1. Just to be sure before I move on: is Ala73 open to solvent by less than 50 Å² (accessible area, probe 1.4 Å) and either hydrophobic (A, V, I, L, M, F, W, C) or out of contact with any strand residue (DSSP E or B) (no Cβ under 6 Å at 6 or more places or on another chain) (or both) in the structure I sent?
2. Which residue pairs have Cβ atoms under 6 Å apart, sit 6 or more places apart or on different chains, and have a first residue in segment 123-149 that is closer than 21 Å to Cys62 by Cα and in a helix (DSSP H, G or I) and a second that is open to solvent by less than 10 Å² (accessible area, probe 1.4 Å) and not basic (Lys, Arg)?
3. Within the bounds of segment 139-148, is there any residue that is among the aliphatic types (A, V, I, L, M), open to solvent by less than 50 Å² (accessible area, probe 1.4 Å) and within 18 Å of Glu84 (Cβ to Cβ)?
4. Test Arg41 against the criterion of being at pLDDT 50 or above, open to solvent by 80 Å² or more (accessible area, probe 1.4 Å) and not acidic (Asp, Glu), and give yes or no.
5. Provide a single number: the residues in segment 88-107 that are within 22 Å of Lys51 (Cβ to Cβ) and either touching a Pro at 6+ places or on another chain (Cβ under 7 Å) or open to solvent by 40 Å² or more (accessible area, probe 1.4 Å) (or both).
6. Between residues in segment 156-183 that are part of a strand (DSSP E or B) and residues that are open to solvent by 50 Å² or more (accessible area, probe 1.4 Å), which pairs lie under 6 Å by C-beta distance while being six or more apart or on different chains?
Amino acid sequence: MLSRTVAISLLCLLSAPVLAADCPPLLKAQGELQQLRSKERIDLCQRFAGKPLLVVNTASRCGFTPQFKGLEALYQRYKGQGLEVLGVPSDDFRQEADDSAETAKVCFIDYGVTFAMSEPQVVSGEAAAPLFRELAAQSSAPRWNFYKYVVGRDGKVIASFSSLTKPDDAALIEAIDKAIAQP
């Protein structure tokens, strides 16, 4: 008879490839993103597969930057139900700081962001990061900063929202509720 430790180790080894295989193309296409102002990387499959997800392209010098406060409130409200939020800074619309230290200050100090934030990425056009190419293929490319994508547990975009949509907007909340309710 196997000891409990050996049995658990075997279960982990046997289930690891299954979990990797369950990673949807949306997350698998990107693989990893560098975490903002950290040596650590965000493994998108490991961190987000099977979870409801809100992806937002952000900028630290934009008129919509105060939405960080609402996004953090949304994350705090729903993280207990499994919601993850991924902020992806971008200078595509020429409103991101030149230095990621300044971006981190805006996010973490000025607005108290605790959800995952990556280093700046290209989010639109031919050079867009694979994650954003997949989001655009399933929905539409971001037209400005703070474009929001609600992604279901299956890795499919449920809805996308313009920069004008505030984090407490009823339609955005409804899409998040739908993503959380997915089996």
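1. Criteria not met by Ala73.
2. What qualifies is Phe132/Val123.
3. no
4. Details: at pLDDT 50 or above: yes; open to solvent by 80 Å² or more (accessible area, probe 1.4 Å): yes; not acidic (Asp, Glu): yes.
Yes, satisfied.
5. 1
6. The qualifying pairs are Val157/Gln138; Ile158/Lys178.
The values are calculated or read from the model by the stated rules, or taken from the named source; none is laboratory data. The shown structure was predicted, so the numbers you read here are calculated from the model rather than taken from an experiment. Quick reminder, even Gly has a Cβ in these numbers, built from the backbone with ideal geometry, and neighbours come from all protein chains shown. Only protein heavy atoms, including side chains, enter the accessible area calculation; ligands, DNA and RNA are left aside. Shrake-Rupley method; radii C 1.70, N 1.55, O 1.52, S 1.80 Å.
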